[in-house]
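Trainee: Take this structure, written in structure tokens, and hold onto it; I'll ask about it next.
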Amino acid sequence: MSLVLQTNCLTKKYGKQIAVNKVNLNVEKGDIYGFIGKNGAGKTTLMKIVCGLIHQDQGEIQLFESSNLENSRKRVGCVIEQPALYPGMTARQNLIYYNKLLGIPDYNNVDNVLNLVGLQNTGKKKTKNFSLGMKQRLSIAISLLGNPDFLILDEPINGLDPSGIKEIRELLIKLNCENEITILISSHILGELGKIATKYGIIENGVLVDEFAAVELENRCKKCLSLEVNDSEKAAYIIKNNIKSIDYKVFDQGKICIYDCLDIPAQINKELIENDVLVSSICLEGHDIEAYFVKMMGGDE
């Protein structure tokens, strides 16, 4: 799989404060990469560096496996800290204005982009009368004018109501699946990221503390019944043959985790006791996605 973005020891300092600290980020083609961290963790700073809005102090960036960033950045669209939308203009007029800024000689792309983000029927409605969700979609539309292969979106669902969040979520899935656009997205709404992300990076105090695929997150957050018993071998036999579990694991020191019979703890306990296995504890373990991320980010915000 080819890499759309790769950073090597990327570092940015503001005085003595290290905002981004030797970050090695890897975004593969086709990813929806969920970039997660507390406020001030370094997410926006890193995105700005990649987009060329600020310069790093140390480290290297490759876009589309090239160090020629001037050309590679032409294939990148971004929405960072909300682009200026002109309130007295329609969606179409805003897009035509940004086409001119980008040096795009004709406006044939405007209708396509409006259709893509679902704003084709806004007509003469001024941007000042748009809902927040519509404004966010228009911001994404502006980032799509150059027909990018890679989108960088900083908190695109922040402040939206549930219907607005759903609209943006469906738009991003459409852009990724139908238009084959790779996406790097930051968000505080972790449950929503869990619905679309294929890969995650967690940043804390400027340091990338972990990077993993969504399928790995499922394993990390997998719930289980955790038992502590006095005879692991005998308990495992009963769990397999009497309980008919096909997904369990035996650990050292008498611990067994059962992953597929979570709704019958009393029956499991009864079966073990009746077969002379002493059960000293039985409990449900595992994180939901939000709890796991909060833990990885160092606790509650």
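The values are calculated or read from the model by the stated rules, or taken from the named source; none is laboratory data. Everything numeric in this text was worked out from a predicted model, so none of it was measured. Please note: Cβ atoms are built from the backbone with ideal geometry, for glycine as well, and neighbour counts cover all protein chains shown.
Trainee: Can you confirm whether the stretch 146-160 contains a residue that is in contact with an Asp or Glu (Cβ under 8 Å, 6 or more places away or on another chain), under 30 Å from Lys16 (Cβ atoms) and modelled with pLDDT of 90 or more?
Mentor: yes
Trainee: Still on this structure: Within the stretch 142-154, can one find any residue that is surrounded by fewer than 20 Cβ atoms within 10 Å (Cβ to Cβ) and farther than 26 Å from Lys195 by Cα?
Mentor: Checked against the condition, which is being surrounded by fewer than 20 Cβ atoms within 10 Å (Cβ to Cβ) and farther than 26 Å from Lys195 by Cα, the stretch 142-154 yields at least one hit.
Trainee: Residues Gly42, Gly37, Gly15: which one is more than 21 Å from Leu144 (Cβ to Cβ), over 25 Å from the mean Cα position of the chain (by Cα) and assigned by TED's automatic domain parsing to the domain that holds Thr122?
Mentor: Gly15
Trainee: Select, from Glu233, Glu290, the only residue that is closer than 30 Å to Ile18 by Cα and of a type in the set (D, E, K, R).
Mentor: Glu290
Trainee: Residues that are of a type in the set (Gly, Ala, Ser) and out of contact with any helix residue (DSSP H, G or I) (no Cβ under 7 Å at 6 or more places or on another chain): which strands (runs of 3 or more DSSP E) entirely in the stretch 216-291 hold 1 or more of them? Spell out the reasoning first.
Mentor: Values: elements: 224-229, 248-250, 255-258, 279-285.
Answer list for the stretch 216-291: 224-229, 279-285.
Trainee: Please work out if Lys255 is loosely packed, with under 14 Cβ neighbours inside 10 Å and modelled with pLDDT under 95.
Mentor: Here the answer is no, as Lys255 does not meet what is asked.
Trainee: Which members of the stretch 183-208 meet the condition of being part of a strand (DSSP E or B) and either of a type in the set (D, E, K, R) or closer than 23 Å to Gly30 by Cβ (or both)?
Mentor: Our first condition is that a residue be part of a strand (DSSP E or B); within the stretch 183-208, this holds for 183-186, 199-204, 207-208.
Passing the criteria: Ile183, Leu184, Ile185, Ser186, Lys199, Tyr200, Gly201, Ile202, Ile203, Glu204, Leu208.
Trainee: State all residues of the stretch 138-157 that are more than 25 Å from Gly40 (Cα to Cα) and either of a type in the set (S, T, N, Q) or free of Cβ contacts under 8 Å to residues at least 60 places away in the same chain (or both); if no residue qualifies, say none.
Mentor: Leu138, Ala141, Asn147, listed by residue number.
Trainee: Out of the stretch 182-191, which residues are buried (at least 20 other Cβ atoms within 10 Å of the Cβ) and more than 9 Å from Ile32 (Cα to Cα)? So that I can check it myself, show each step before the final result.
Mentor: In the first step, residues of the stretch 182-191 are kept if they are buried (at least 20 other Cβ atoms within 10 Å of the Cβ); the result is 182-187.
Those that are buried (at least 20 other Cβ atoms within 10 Å of the Cβ) and more than 9 Å from Ile32 (Cα to Cα): Ser186, Ser187.
Trainee: Still on this structure: List every residue pair whose Cβ atoms sit under 8 Å apart, with the two residues 6 or more apart in sequence or on different chains, where the first one lies in the stretch 18-31 and is in the same structural domain as Gly59 (by TED's automatic domain parsing) and the second, anywhere, is of a type in the set (Lys, Arg) and surrounded by 19 or more Cβ atoms within 10 Å (Cβ to Cβ).
Mentor: Ile18/Lys12; Ala19/Lys12; Val20/Lys12; Val27/Lys199; Glu28/Lys199; Asp31/Lys199
Trainee: Considering only helices (runs of 4 or more DSSP H) fully contained in the stretch 64-150, which possess at least 3 residues that are under 20 Å from Lys29 (Cα atoms) and either more than 25 Å from the chain's Cα centre (by Cα) or in the same structural domain as Pro162 (by TED's automatic domain parsing) (or both)?
Mentor: 69-72
Let's see how each residue does on (1) more than 16 Å from Gly286 (Cβ to Cβ); (2) free of Cβ contacts under 8 Å to residues at least 60 places away in the same chain; (3) not aliphatic (A, V, I, L, M):
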position: Leu172; (1), (2), (3): yes, no, no
position: Ile183; (1), (2), (3): yes, no, no
position: Ser186; (1), (2), (3): yes, no, yes
position: Leu193; (1), (2), (3): yes, no, no
position: Asp210; (1), (2), (3): yes, no, yes
position: Ala213; (1), (2), (3): yes, yes, no
position: Arg220; (1), (2), (3): no, no, yes
position: Ile243; (1), (2), (3): yes, yes, no
position: Ile258; (1), (2), (3): no, yes, no
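Trainee: Going by what's in this entry, would Gly164 be described as in a strand (DSSP E or B) and either at pLDDT 90 or above or touching a Gly at 6+ places or on another chain (Cβ under 6 Å) (or both)?
Mentor: no
Trainee: Considering Glu211, Glu170, Glu180, which residue is part of a loop (DSSP other than H, G, I, E, B) and at pLDDT 90 or above?
Mentor: Every option except Glu180 fails the conditions.
Trainee: Return the only residue of Asn158, Asn108 being over 21 Å from Lys195 (Cβ atoms) and either in contact with a Ser or Thr (Cβ under 7 Å, 6 or more places away or on another chain) or of a type outside the set (D, E, K, R) (or both).
Mentor: Checking each option against the conditions leaves just Asn108.
Trainee: Next up: If you scan the stretch 35-63, which residues turn out to be touching an Asp or Glu at 6+ places or on another chain (Cβ under 8 Å) and in a loop (DSSP other than H, G, I, E, B)?
Mentor: Looking only at the stretch 35-63, we keep the residues that are touching an Asp or Glu at 6+ places or on another chain (Cβ under 8 Å), and these are 37-39, 41, 43-44, 47.
Gly37, Lys38, Asn39, Ala41 - these are the residues of the stretch 35-63 that are touching an Asp or Glu at 6+ places or on another chain (Cβ under 8 Å) and in a loop (DSSP other than H, G, I, E, B).
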